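Input: a single structure, listed below in structure tokens.
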2 protein chains.
Amino acid sequence: MSLLDYFRSSKPGSASLAKERLQILVAHDRISRNQPSYIPKLQQELLAVIQKYVNVGKDAISINYEQNDNQETLELDITLPDKSRQNN
Amino acid sequence: MSLLDYFRSSKPGSASLAKERLQILVAHDRISRNQPSYIPKLQQELLAVIQKYVNVGKDAISINYEQNDNQETLELDITLPDKSRQNN
């Protein structure tokens, strides 16, 4: 399964769930954990970039960060404001 | 399956494939396509941010962009330089 398939399968299918949504996922496969992680700083920069494009409050952004032996993952899930919806 | 499960299942399992790798995925669920997409510009900004943290050439970055009726997806797959590997 490709990553694009994942996104396709996870998108909302019913009209009641139809919202503008932006997801950003970061995965860092690390060979060693001896180096400091830059993911937390990267997260801040990603949020700053996103907020240049979409006007969302912090409560519209869900952040999930996980770390295990060899991988860090960061998931940003942003519900975009309804004002971007067109009348159709 | 959660997105984090996807990343876990797709990470290299054998030592010969063990490389530092950074993946960034962006999915934008759109209700309407009447608005211009900001994903291409977002892509440029994401690359600029990433290159502040990792010193990689353009040939180390694989970019995949897809668009269908209600969703755009952008996938950045970056092979990180071996110099970040520790001696262990």
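Heavy atoms of chains A and B lose about 4700 Å² of accessible surface on contact, summed over both sides with a 1.4 Å probe.
In region A:21-80, the portion of solvent-accessible area held by carbon and sulfur atoms comes to 44 percent [1.4 Å probe, whole percent, DNA, RNA and ligands not counted]. Here B:S37 and A:K58 are evaluated by their C-beta separation; at R0 = 30 Å the FRET efficiency comes out at 0.75. Working from label points 7 Å from Cα in the Cα-to-Cβ sense, the A:Y65 to A:K19 distance is 2.3 nm. For the residue pairs B:K19/B:K41; A:K41/B:K41; A:K19/A:K52; A:K19/B:K58; A:K19/A:K41; A:K19/B:K19, alpha carbon separations beyond 26 Å are given by B:K19/B:K41; A:K19/B:K58; A:K19/A:K41; A:K19/B:K19. Net charge dipole, region B:20-81: roughly 220 debye, given to the nearest 20, about the Cα centre with Cβ charges of +1 for Lys and Arg and -1 for Asp and Glu.
The values are calculated or read from the model by the stated rules, or taken from the named source; none is laboratory data. The structure displayed is predicted, hence computed values, not measured ones. Neighbour counts are summed over all protein chains in view; Cβ atoms, including those assigned to glycine, are modelled from backbone coordinates with ideal geometry. Ligands, DNA and RNA are stripped out before the accessible areas are found, and what is left, the full protein with its side chains, is counted by its heavy atoms. Shrake-Rupley method; radii C 1.70, N 1.55, O 1.52, S 1.80 Å.
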